[in-house]
Amino acid sequence: MARGDDPPADGSVTTRPAPSGARAVVVGGTAWAWVGADVDPAWVDAWVAASPDPVAAPLSARFLAALADETGVEPGVVDAVLLAPSAPVAPALSLQPLEAADHPRVQRAHRHRTGVRVLGTADATALLTLGRGLAGRWEVSIEVDPAARGRGLGTALAAAAPAFVDGPLWAQVAPANTASLRSFLAAGYRVVCAESLFGS
């Protein structure tokens, strides 16, 4: 997907062991799904085959709950997964390394990523976190202080992020977080799949 190649829209569901960085994960796109969990693939196949809508089943609430029971790990939100543009742009913001250890966004990054780097504006109203997440991929999250929203800072952060990593950059955004989703889309990120990361 990082190269722009989507899996075939053939209704397939592939089951593999849990990848590094997750106790379980379900990823799905246009008529394909991938279950990364330490479960019997035959169990997944049987569950999907018995569903009234096998194509939608892997990311359905019922399957995620069943997988949670099977693995003993709670599923997270079903996020939209976006991929950054391949050609980074020069940052429009002046960003500097920050500690911000007490910030909830930074704490969450440390729970789910390794090699976390935090950058932001001098007044810390705009915050960018980068780190290695699921299967070692580079992941980004952004945060803008409520008092500073509506000025395009979120889009500027998202646009700046790819310049700080050495490979494809991914963002997971809850669809209900419309402000963040708009920022990433405005910065040229493209939606490639949906994902539920367990244990989040």
How high is the relative contact order of the chain, in percent, counting Cα pairs under 8 Å that sit 6 or more residues apart?
-> 28 percent
For segment 82-194, radius of gyration divided by Kirkwood radius, i.e. Rg to Rh on alpha-carbons | 0.91
Expressed in nm to one decimal, what extension gain is obtained for the pair residue 92 and residue 40 from 0.36 nm per residue of sequence separation less their Cα-Cα distance?
-> 13.9 nm
Fully extended, how many nm does the chain gain between residue 102 and residue 123 (0.36 nm per residue separation, minus their Cα-Cα distance)?
-> 6.0 nm
The chain: radius of gyration over Cα atoms, expressed as a fraction of 2.2 N^0.38 Å | 1.07
Which of these, 133, 21, 72, has the largest mean-square fluctuation under a Gaussian network model of the chain (Cα springs below 10 Å)?
-> 72
Between residue 190 and residue 30, the two model label points (7 Å from Cα along the beta-carbon direction) sit apart by a distance in nm of 1.0 nm
So between residue 53 and residue 6, what do we pick up on full extension, going 0.36 nm a residue minus the alpha carbon distance?
-> 14.8 nm
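The numbers here are math on the coordinates, done by the rules we state, and not lab data. For clarity, every value in this text was computed on a predicted model and none was experimentally measured. Cβ coordinates were reconstructed from backbone atoms using ideal geometry, including for glycine residues, and neighbour counts include every protein chain displayed.
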